[in-house]
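Student: Got a structure for you, written out below as structure tokens; questions coming shortly.
Read-outs: derived from the displayed coordinates by stated rules, not from any lab. Source: prediction; values computed, not measured. Cβ placement follows ideal geometry from the backbone for every residue including glycine, while neighbour counts extend to all protein chains displayed.
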Amino acid sequence: MQREMKKTQFIKGIGVTPGIIIGKAYLLDRGKIEAPARVIPESHTPQEVARFRDAVEESKKQLRQAKEKLLHEEATGLTYILDTHLLLLEDKNLIDNTIETIRQSWINSEWALKINLERLHKIFSNIDDEYLKSRKTDIDHIGERILRNLMGEDKEAIHQIKEEVIIVSHDLSPADTAQMAKDKVTAFVTDIGGKTSHTAIMARSLEIPAVVGSETATHYINTGDALIVDGMTGVVVVNPSAEILREYVERQKGRQKMERELFQYRDLPAETLDGYRVKVLANIELVEEIPSVLQHGAEGIGLYRTEYLYLNRKDLPSEEDHFQAYKQVVEGISPHAAVIRTLDIGGDKFLSHLELAEEMNPAMGLRAVRFSLKEVDIFKVQLRAMLRASAFGKVKLLFPMISGATEIREVKKILNEVRLGLSAEGIPFDSRTEIGIMIEVPSAVTIADILAREVDFFSIGTNDLIQYSLAIDRVNESVTHLYEPLHPAILRLVRDVVQAAHQAGIRVAMCGEMAGEPLYIPILLGLELDELSMNVFSIFRVKKILRSYTHRECKNLVRASLHLSTPGEIEDLVLASLRQKFPEEFGEDFNYRLKLNEYKKGE
Ligand code: PEP
Ligand code: MG
């Protein structure tokens, strides 16, 4: 691909942290480095192994230094990512096998490392889970670091950057991100990476506007190029014309003004003009997100995904590991409640210590509660810790992927055994802890009335419910355009769940991505959800919208939508209503965003 200079280019990636940044590019092209491949005499293998071990040790030293820096900056919560990398440097699959390859094949370290990295890569490529797949990049980052140390390459020093820049890189490791001086690096853009990559998580936590997965940024951008990075829409403009620059400066001012105005919603109740009250809650994956949750005025944690506790480690988390994490979350969010979800992992092959079989169809396989009911001992460890945490604040237990009443009854039976065990040991817990289920499998919708008799609350997981009911793989790029939250079928499913829940007198929340998307809010209010749980960045916007509608208007929108035939027709209806109330937010800028998404879909 030809580099195009000084011509305005639009690049579309995945927006990670909202904010428009205008600045100069600093190309830190860390594209793959070539590893030399040499055969060595057998007598040289001990020196070669020693050379490899030195490079591994040097890599560990560098990571420990990056970790020190984070600790120094009180970004302690993020050091776990570097710990993951340090752990990989101890990994038998990578380190010992590479040494074995050097000894057995009489080849140089770089070549042996490359062979073993490729082998691990293949294993990860076969995993059908976006989150786990993105862990492949952790291995790449470690491989590249060892390779650079083997080859004595100068490390590009992000921390030595002297002026304000926007970093553009093929990829950035979490260690690179951690080293960014926040006053110098105003934003970053990478070719690869997804929403759930560690680098994205790090950027969100450090609140650095970023666009990942742009695919082509390093092809088009040179150091010194003028750049506009829109961390909300995922758009990067390279060498913008004077007109586009003006437009973005205006847009930036508009957004900054909007952000300032939005802050007022922090402490305002989430209620419609005619007093219909919903709870706005936060989705979290890490304990470290609690300060941000509080800053955004969430009324509790609506979904704490506990998968992270099981990832990035060689063994299973102990009851104490679970307990410490839950206790921090529960105490941090008190007096509000924390909904903690039990393990929901798909494509479980990653958890090598669990030795699970490969599956043809992991999304429909042994995931979530099915796994917990099979591995009861592992399940009980988590349940004990959750109940113990309930002695320190309000905890609600949430069980994922329930498809029928038998499963929830089995869960309750096990939970009772755990309760009895704790009581016998004299360990305190709240005996009235509520239990709820995720409604994310179509069968659960169909029998929602039956399930509602078994539990205290429902939480609708639209990410999976849409996947299973529309038969759209949520991680397959080629069908994302069919992933339609406003599909009439989805609206009917949500309507039926809410009706069943309310008839049984229980509350119903939504915690899939749909719940935090401003466009869907009037519909979700009209559908009478009691709670909406979302990414913290969405909270102010959602409150703003819901405070501008009457409940009657929302119900009318739903009534009209349910008579329409296609997602497009429903979207037009909702958008027209939003545009009347918020001409700025849902005007041209919003269209532009949809258009770019369209463009991305059509690629
Ligand atoms: C969902 O499916 O909507 C959900 C919230 O769960 P997850 O995204 O973790 O599968
Ligand atoms: Mg789900």
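Student: Taking only DSSP H segments of four or more residues, each worth -39500 (n - 2.57), what value at 222 nm results for the chain once the sum is divided by all its residues, to the nearest 500 deg cm²/dmol?
Tutor: Calculated mean residue ellipticity at 222 nm is -14000 deg cm²/dmol.
Student: Given labels modelled 7 Å from the Cα in the Cβ direction, how far is it in nm from Asp83 to Lys374?
Tutor: If labels sit at Asp83 and Lys374, their model points lie 2.9 nm apart.
Student: Evaluate the distance, in nm, between pseudo-label points positioned 7 Å from the Cα of Glu425 and of Glu285 along their respective Cα→Cβ axes.
Tutor: Result: 3.0 nm between the two label points.
Student: I'd like the Karplus ³J(HN,Hα) series for the stretch 255-260: coefficients 6.51, -1.76, 1.60, θ = phi - 60°, whole numbers in Hz, and an x wherever there's a Gly or Pro.
Tutor: In residue order, the calculated couplings are 5, 5, 4, 4, 4, 4 Hz.
Student: Among the listed pairs Lys24/Lys69; Lys257/Lys394; Lys253/Lys543, which are separated by more than 28 Å between their Cα atoms?
Tutor: Checking Cα-Cα distances, Lys257/Lys394 exceed 28 Å.
Student: Let me ask something else. Using 0.36 nm times the number of residues separating Arg51 and Arg246, minus their current alpha carbon distance, what extension gain do you get?
Tutor: 64.8 nm
Student: Let me ask another. With Kirkwood's inverse mean 1/r over C-alpha pairs for Rh, give me the Rg to Rh ratio of the chain, two decimals please.
Tutor: Checking Rg against Rh, the ratio lands at 0.97.
Student: Charges on Cβ only, +1 for Lys and Arg, -1 for Asp and Glu, centred on the Cα centroid of the chain; of Ile146, Tyr26, Val574, which one is farthest towards the dipole's positive end?
Tutor: Of the options given, the answer is Val574.
Student: Rounded, prolate or oblate: which fits the stretch 504-595, taking a ≥ b ≥ c as square roots of the Cα gyration tensor eigenvalues, rounded meaning a/c under 1.5, else prolate when a/b beats b/c?
Tutor: Verdict is oblate for the stretch 504-595.
Student: I would also like to ask the following. Add +1 for every Lys or Arg and -1 for every Asp or Glu among the other residues with Cβ under 10 Å from the Cβ of Ala282, and state the total.
Tutor: -2
Student: Which far-off residues, 5 or more places away or on another chain, put their amide H under 5 Å from the one on Ile192, with H placed in the peptide plane?
Tutor: The list, which skips near neighbours in sequence, is Gly213, Ser214, Glu215.
Student: Now a separate question. If I take R0 = 56 Å and measure r between the Cβ atoms of Ala471 and Arg38 in this structure, what FRET efficiency does the formula 1/(1 + (r/R0)^6) give, to the nearest 0.05?
Tutor: Efficiency, rounded to the nearest 0.05: 0.65.
Student: Over the alpha-carbon set of the stretch 390-455, divide Rg by the Kirkwood Rh and report the Rg/Rh ratio to two decimals.
Tutor: Here Rg/Rh amounts to 1.04.
Student: So who's got an amide H within less than 5 Å of the one on Ile284, skipping anything under 5 residues away but keeping other chains? H placed 1.01 Å off N, in plane.
Tutor: Close amide H contacts, sequence-distant or interchain: Leu303, Tyr304, Arg305.
Student: Okay, moving on. How fast does the stretch 473-557 diffuse by Stokes-Einstein, in µm²/s, taking the Kirkwood radius from C-alpha pairs at 4 °C and 1.567 mPa s?
Tutor: The estimated diffusion coefficient comes to 94 µm²/s.
Student: Let me ask something additional. Could I have the simple spin-label model distance between Glu584 and Lys253, label points 7 Å from Cα toward Cβ, reported in nm to one decimal?
Tutor: Distance between label points: 1.1 nm.
Student: Still on this structure, I have one more. Could you give me D for the stretch 242-345, from Stokes-Einstein at 10 °C and 1.306 mPa s, where the hydrodynamic radius is the Kirkwood radius over C-alpha pairs? Units µm² s⁻¹, please.
Tutor: Answer, rounded: 97 µm²/s.
Student: How large is ³J(HN,Hα), in whole Hz, for each residue of the stretch 436-449 in order, when computed from phi with the Karplus curve 6.51 cos²θ - 1.76 cosθ + 1.60 and θ = phi - 60°, using x for Gly and Pro?
Tutor: Per-residue couplings from phi come out as x, 10, 6, 9, 9, 10, x, 4, 5, 5, 4, 10, 4, 5 Hz.
Student: Follow-up. Short version: ³J(HN,Hα) in whole Hz for each residue of the stretch 558-567, in order, from phi by Karplus 6.51 cos²θ - 1.76 cosθ + 1.60 (θ = phi - 60°), x for Gly and Pro, what are they?
Tutor: Along the stretch 558-567, the couplings run 5, 4, 5, 4, 5, 8, 8, 9, 10, x Hz.
Student: Follow-up. Once amide H atoms are built 1.01 Å from N in the peptide plane, which residues 5 or more positions from Met510, or in another chain, come under 5 Å H to H?
Tutor: The answer is Ile460, Glu531, Leu532, Ser533.
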